[in-house]
Amino acid sequence: SETATNDLIERLPKKASKTLHAICVGRMNYWKGFIFAVEGFHRFLKNGGEGILELFGEGTEMREIESYIKANQLEKQVFIRGFVPNTVIKQKMDEANVLVHPSFREGGSWAIMEAMSYGLPVICLNTSGPRDMVTESCGILIPLDTIEQVSNAIQKGLSSLANDQSRYETLSKNAIDRVKTQYNWACRGQQITAIYKKVLAN
């Protein structure tokens, strides 16, 4: 296969929907920002948004997230699924229409790459590894000015995806195209070759 990740296959872009099915995938540790995804999704609902958020993973922040869900009566909109096999993650990416990935520090993210291959626009922080993977053409990059504004920015991003059908479908198409063109062995080989040439020239 030409693809750097062997099981990524070409898919059709997603269709826009005012009802969002958002997912988070990763470890429920503080720097992964799951609580901000939940708070942002809660604000989205309070502002008239519709949909569900599913959280996949386990970690030290799970109890706090469970408490937030219960305190705000979100049991019918926000679901903690825990650790599940990758086959389930793939099924959910096929069903969902946005990945929320508010990680504060991270290298490359398999969840982001796989989500984009399914045509999911990604909402992530404009920091660390995610900003190298996600561009404004295929997702929403949130500036990390203050911790307090992250949840609000996630809400605005979700509302934008729900209310702007044309933008959503463009982002979905571009997400697939970015994986197809930037994350294949031919492209990676060219990038690595360029790095070696630059190092050797110095």
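The values are calculated or read from the model by the stated rules, or taken from the named source; none is laboratory data. None of these values were measured; they are calculated from a predicted model. In this analysis, Cβ positions are derived from the backbone assuming ideal geometry, glycine residues included, and neighbour counts consider all displayed protein chains. These area figures cover heavy atoms from the full protein model, side chains too; ligands, DNA and RNA do not enter into them. Shrake-Rupley method; radii C 1.70, N 1.55, O 1.52, S 1.80 Å.
Annotations
- Among the listed pairs LYS156/LYS180; LYS32/LYS156; LYS32/LYS90; LYS14/LYS156; LYS18/LYS180, those beyond 23 Å (Cα-Cα): LYS156/LYS180; LYS18/LYS180
- Converting phi to 3J(HN,Hα) with the Karplus coefficients 6.51, -1.76 and 1.60 and the offset θ = phi - 60°, the stretch 173-179 yields 4, 5, 4, 4, 5, 5, 5 Hz in sequence order, with x at every glycine or proline.
- Summarising the amide proton neighbourhood of ILE140: residues at separation of 5 or more, or on other chains, whose placed amide H is nearer than 5 Å comprise VAL122, ILE123, CYS124.
- Of the chymotrypsin sites (Phe, Trp or Tyr not before Pro) in the stretch 25-85, those whose Cβ has at most 16 other Cβ within 10 Å and which sit in DSSP loop: PHE83
- Share of carbon and sulfur in the accessible heavy-atom surface of the stretch 42-109 [1.4 Å probe, %]: 47 percent
- On a per residue basis, the stretch 97-165 carries 34 Å² of accessible surface, using protein heavy atoms and a 1.4 Å probe.
- R0 of 30 Å, Cβ-Cβ distance GLU50-ASP132: FRET efficiency to nearest 0.05: 0.40
- Distant-in-sequence amide H partners of ALA96 (H built 1.01 Å from N, under 5 Å): none
- In this simple spin-label model, placing a label point 7 Å from the Cα along the Cα-to-Cβ direction at both GLU148 and THR181 gives a separation of 4.1 nm.
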